Structure formats: C-alpha cells, structure tokens
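Following: one structure in structure tokens, then a few remarks.
Read-outs: derived from the displayed coordinates by stated rules, not from any lab. Remember, predicted model here, so these are calculated numbers, not experimental data. When we count neighbours, we look across all protein chains shown, and the Cβ atoms used for this are built from the backbone with ideal geometry, even at glycine.
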Amino acid sequence: MSKLMLTLMAGLFAMSVNGVAVAADTAKMDAKSMQAKAEGDYKAAKAKIKGDFEAAEAQCKKMSGDAKKACKKDAEAKEKAAKADAKAAYDKAKADAKAMKKA
C-alpha cells in the first residue's frame with residue numbers, strides 16, 4: 001500500500017509541476033501579445049499625432065501675423081505633449097509586459 005501511495009503522490013507532483021510550466025508559458029505568451037499591442041498602439045498614436053499636427057498646421061496657414069505665429073506655437077506644443085504622453089504610455093506598457101514575462 002505504501003508503494004502505491006508514493007507512486008500516486010509522485011504522479012500528482014509531476015502533474016502539478018507540469019501545470020506550473022504551462023502557466024509560465026502562457027504568461028510569456030501573454031507578455032508577448034501585450035508587447036505587440038503596445039507597439040501597435042504606439043504606432044497608431046504617432047500616426048494620429050502627425051495627422052492632428054498637419055491639420056492644425058493647415059489651419060494656421062489660413063492666418064497671418066501674430067495669430068499665425070501663436071497658432072504654430074500652440075500646434076507644436078500640443079504635438080510635443082502628445083508625443084511625450086504616447087511615449088510614456090508605450091514605455092509603461094513595455095515595462096508591464098516585461099514584468100509579466102518575469103512573473
């Protein structure tokens with residue numbers, strides 16, 4: 001009876017260790033998909049920022065004098081802030097994916 005119990009316990013232990021390995025592989029897969037999503041989101045954000053800036057610039061071209069200068073400065077400031085926000089969100093998503101990969 002003792003040998004049977006030891007064999008059963010060893011089998012259960014092996015199954016649980018295998019389950020942990022599968023869970024770790026799944027976490028790595030999720031980390032990769034998170035990384036890919038972060039990269040896609042970042043590219044999309046940069047494209048939107050570029051489009052928004054070009055639209056703002058087109059509006060500025062219709063103006064003249066100080067209003068035109070102020071419009072351009074405002075558009076550039078908004079572009080710079082949006083790029084910084086997008087980069088920060090991308091860096092955070094990358095860090096989260098990296099942390100998930102290690103977990």
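What the table below lists for this structure:
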| read-out | value |
| --- | --- |
| Candidate aspartates and glutamates for bridging to LYS83, where Cα separation is under 15 Å - those fewer than 8 sequence places away on the same chain excluded | GLU39, ASP41, ASP52, GLU54, ASP74, ASP91 |
| Within straight-line cross-link reach of LYS101, lysines at Cα separation under 25 Å, skipping those fewer than 8 residues along the same chain | LYS28, LYS32, LYS37, LYS43, LYS87, LYS92 |
| Residue among GLN59, TYR90, MET100 farthest towards the positive dipole end of region 45-103, charges placed on Cβ | MET100 |
| Spin-label pair ASP91/LYS62, simplified geometry with 7 Å Cα→Cβ offset, distance in nm | 3.7 |
| Hits among lysines - C-alpha to C-alpha of LYS62 under 18 Å, sequence gap 8 or more where chains match | LYS72, LYS73 |
| In nm, spacing of pseudo-spin labels at ALA36 and LYS80 (7 Å Cα→C-beta vector) | 3.7 |
